[in-house]
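Q: Quick one: the structure is below, questions incoming.
The values are calculated or read from the model by the stated rules, or taken from the named source; none is laboratory data. As the structure is a prediction and not an experimental result, all values here were calculated from the model. A quick note on method: Cβ atoms are made from the backbone with ideal geometry, for glycine too, and the neighbour counts reach across all protein chains shown. Protein only, heavy atoms only, side chains kept; ligands, DNA and RNA dropped before computing areas. Shrake-Rupley method; radii C 1.70, N 1.55, O 1.52, S 1.80 Å.
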Amino acid sequence: MRQRFDSRAIFAAVAAVVAVLAVVVIVTGLRYFSTIHELVVQADSIMPNDEAEGAAIVRVTARMVVILVGSILLAVGAIAALLVYRNRRERRGERYVQNIYQVIGANIDTAIFIVDRADNMVEAVFENIQDILGVPAAQFFVVDDLSSNEAYAKVAAIVHSGAPEERHTWEFQCFNSVFGRNMWLRITSQPVLLDGDEKVIYSLVDVTADYDIRQKLMDSVAAAEEANRAKSHFLSSMSHDIRTPMNAILGFSTLIDRDAENPEAVREYNRKIATSGQHLLGLINDVLDMSKIESGKTTLAAAEFRLPEVVASVEAMMRPQTNAKRQTFTVEVTGITHEALVGDEGRLRQILMNVLSNAMKYTPDGGSILFRIDGSLKRRGSLQHLRIIVKDTGIGMSPDYLATIFDSFSREESSLTNKIQGTGLGMAITKNLVDLMGGTITVESALGAGSTFIIDLDFPPADESAGTGVEGAPAPVEVDADAALGGRRFLVAEDNDLNAEIIAAILGMHGATCEIAENGQAAVEKFAASRPGTFDMIFMDVQMPVMNGHEAARAIRALEREDARDIPIIAMTANAFAEDEREALAAGMNAHVAKPIDLRMLARTVAGLTYCP
């Protein structure tokens, strides 16, 4: 607007100057014409040879000519100056507009170009076309639909085909050879009239990022839906699997009431209740273990262990189950250089038990299971490599299920597998633990031809020559519960009345007594108010109101009395993971016993921590 106003003002000023000059010229011309006319009239009345009069006429005429010529030159100069100024202003305006286009093009993601509708030739284009297509703006004027650049060729094809009569948008995927990647482009055409000529304004945008985000959202939604379907199926299966042992527990409890006078029947019912309870506990442990793994809270403990003892313990747990199904269970250990290793013994045992339990469950009666550990394959430096092979002659797996066997909540559905109890988490847990240990697990299987699991793990060897105590370490010995517990007095921090009743009954059965504290704060107060030597040991629950077990243990250790630093404190809690045990020890406790209470484990723990005042 400012440029347009200045130009008009200048034109008005020049027009005014020219008009004034014209008036001056006219007035001057009339004046001199009158003067010359008077001189001529006077000359007619005198002698023709009067030189003075003739000279006067010449002078007047010369003045008039000079004034006229000067006025004309001044007017021409003014007009020329005006034309030069207009030309400069126009060029400056063009540069200004061009700079605007360049600035806009450099700061927006949309490339704009204008095409003549008659011949489909590009007349103007933003410089940022190169950022989208990889083609400089100068070359874009000649559109080549045969270009090796697929993105450029598709845009050219759209332009050559002619724009529709109304606004239209195309979106397409293409490969841009300049950038070496696939991309999504959106091009929009808008017919317009410019100075009476039909033009088409095209806008081109790279929408690859939008499509990537959209695809990720779609993938996330699909994954979430699949996870929901898997978890819904899992919960449905879990409902059945949990109700099965619960039905047995409640059913046999009813039978115990009925046959209370028949000790043999009660013992049999109690044995079956215990078996169902162990199965139920296994289901719960799998769910909790998978929850820990998925939340990223699972960690490995690095401790020394002996491989032969791990193999022996696993075989001892599996042998009764395989014998019950008349299965041939073969154990082979070959090529082991270092029997004493460093790693998480508990997690290794869990991996072995998960794979072997699966083999046992899915192998029919009379089948065979091979459990082999081969240490002969050398892998990384001085590490002891273990190749664990579990091969069975079971029902096998379909190719479709093999692709998802390590997914959470995954179980193959068939008339053969539906009768086998399980959460569908065992293999997912195994795979995650193997990954956590830096190993690999693969499986080969076919329907009716059995399955073979191969696990590769590396463990650093223990320093057997340094007297670590690993070599020749004795296996855990059974401890008599009466001897370990009898005659002792315990302080029990337990907020659940049923659990408190159970521990009090167990201790009473074996000659011990206890005092119950309903929370951590009460336990601290009872211990602080007691005389030294009143309690031999403290059983501490962890999750309690008012004050939890960790806080209570720290508070007891901080009391100003000597026995507060020495009295054994055992975490007796349903928090059964290795991380929970480490937290209990860090809080000042001496040991950790998981619920449900295993009397043999409890007796061994108490015997190992016997307090002598």
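Q: So which strands (runs of 3 or more DSSP E) stay within segment 495-613 end to end and still have 3 or more residues that are within 28 Å of residue 301 (Cβ to Cβ), modelled with pLDDT of 90 or more and not charged (D, E, K, R)?
A: In segment 495-613, 537-540, 569-573 are the strands (runs of 3 or more DSSP E) which contain 3 or more residues that are within 28 Å of residue 301 (Cβ to Cβ), modelled with pLDDT of 90 or more and not charged (D, E, K, R).
Q: Here's another thing I want to ask about it. I'm trying to understand the selection: among the residues of segment 527-538, which are surrounded by fewer than 18 Cβ atoms within 10 Å (Cβ to Cβ) and at negative phi?
A: Correct list: 528, 529, 530, 531, 532, 534.
Q: Let me ask another. What do you reckon, is residue 266 modelled with pLDDT of 75 or more and closer than 30 Å to residue 330 by Cβ?
A: no
Q: Looking at the structure I just gave you, is residue 135 modelled with pLDDT of 80 or more, part of a loop (DSSP other than H, G, I, E, B) and either closer than 16 Å to residue 188 by Cβ or open to solvent by less than 20 Å² (accessible area, probe 1.4 Å) (or both)?
A: yes
Q: In segment 207-240, how many residues are modelled with pLDDT under 80 and open to solvent by 70 Å² or more (accessible area, probe 1.4 Å)?
A: Result for segment 207-240: 9.
Q: Any idea which of 561, 557, 565 is under 15 Å from residue 520 (Cβ atoms), among the basic types (Lys, Arg), in contact with a helix residue (DSSP H, G or I) (Cβ under 9 Å, 6 or more places away or on another chain) and open to solvent by 30 Å² or more (accessible area, probe 1.4 Å)?
A: After ruling out the rest, the residue left standing is 557.
Q: Of 559, 609, which residue is among the hydrophobic types (A, V, I, L, M, F, W, C) and either at positive phi or in contact (Cβ under 8 Å) with a residue 40 or more places away in the chain (or both)?
A: So the residue among 559, 609 that is among the hydrophobic types (A, V, I, L, M, F, W, C) and either at positive phi or in contact (Cβ under 8 Å) with a residue 40 or more places away in the chain (or both) is 609.
Q: Let me ask you something else. Starting from residues that are open to solvent by 40 Å² or more (accessible area, probe 1.4 Å) and charged (D, E, K, R), keep the ones in segment 109-125 and report whichever is nearest to residue 193 (Cα to Cα).
A: Going through the qualifying residues, I end up with 117.
Q: Could you list, in sequence order, all residues of segment 190-206 that are open to solvent by 70 Å² or more (accessible area, probe 1.4 Å) and either assigned to a strand (DSSP E or B) or touching a residue at least 60 places away in the same chain (Cβ under 8 Å) (or both)?
A: Within segment 190-206, 193, 194, 197, 198 qualify.
Q: Checking residue 356 against (1) at pLDDT below 75; (2) open to solvent by less than 60 Å² (accessible area, probe 1.4 Å); (3) not charged (D, E, K, R), which test does it fail?
A: The one condition residue 356 does not meet is (1).
Q: Now a separate question. Go through (1) closer than 17 Å to residue 492 by Cβ; (2) open to solvent by less than 60 Å² (accessible area, probe 1.4 Å) one by one and return the number of the condition residue 590 breaks.
A: Failed condition: (2).
Q: Is at least one residue of segment 241-262 β-branched (Val, Ile, Thr) and at pLDDT 85 or above? If you could, list the steps in order and put the result at the bottom.
A: Quick first cut of segment 241-262, residues β-branched (Val, Ile, Thr) only: 242, 244, 249, 254, 256.
Filter once more, so that each one left must be at pLDDT 85 or above: 254, 256.
Within segment 241-262 (the criterion being β-branched (Val, Ile, Thr) and at pLDDT 85 or above), the answer is yes, since at least one residue qualifies.
Q: Applying the selection to segment 304-330, what residues are more than 42 Å from the chain's Cα centre (by Cα) and open to solvent by less than 50 Å² (accessible area, probe 1.4 Å)?
A: If the condition is that a residue be more than 42 Å from the chain's Cα centre (by Cα) and open to solvent by less than 50 Å² (accessible area, probe 1.4 Å), then 322, 325, 327, 329 are the ones that fit.
Q: Looking at residue 90 and the list (1) under 30 Å from residue 16 (Cβ atoms); (2) modelled with pLDDT of 75 or more; (3) open to solvent by 90 Å² or more (accessible area, probe 1.4 Å), which single condition is not satisfied?
A: All conditions are met except number (2).
Q: Something else now. Looking only at segment 443-452, which residues are modelled with pLDDT of 90 or more, more than 30 Å from the chain's Cα centre (by Cα) and either of a type outside the set (S, T, N, Q) or assigned to a loop (DSSP other than H, G, I, E, B) (or both)?
A: Answer for segment 443-452, where residues must be modelled with pLDDT of 90 or more, more than 30 Å from the chain's Cα centre (by Cα) and either of a type outside the set (S, T, N, Q) or assigned to a loop (DSSP other than H, G, I, E, B) (or both): just 444.
Q: What single numbered condition from (1) open to solvent by less than 30 Å² (accessible area, probe 1.4 Å); (2) over 17 Å from residue 607 (Cβ atoms); (3) in contact with a Leu (Cβ under 9 Å, 6 or more places away or on another chain) fails to hold for residue 494?
A: The one condition residue 494 does not meet is (3).
Q: Residue check: is residue 56 open to solvent by less than 60 Å² (accessible area, probe 1.4 Å), hydrophobic (A, V, I, L, M, F, W, C), part of a helix (DSSP H, G or I) and modelled with pLDDT of 70 or more?
A: Details: open to solvent by less than 60 Å² (accessible area, probe 1.4 Å): yes; hydrophobic (A, V, I, L, M, F, W, C): yes; part of a helix (DSSP H, G or I): yes; modelled with pLDDT of 70 or more: no.
No, not satisfied.
Q: With the checklist (1) modelled with pLDDT of 60 or more; (2) touching an Asp or Glu at 6+ places or on another chain (Cβ under 6 Å) in hand, flag the one item residue 458 doesn't pass.
A: Against the list (1) modelled with pLDDT of 60 or more; (2) touching an Asp or Glu at 6+ places or on another chain (Cβ under 6 Å), residue 458 comes up short only on (2).
Q: If you don't mind, another one. How many residues, within segment 151-189, are under 39 Å from the mean Cα position of the chain (by Cα) and open to solvent by 30 Å² or more (accessible area, probe 1.4 Å)?
A: Final tally of qualifying residues: 15.
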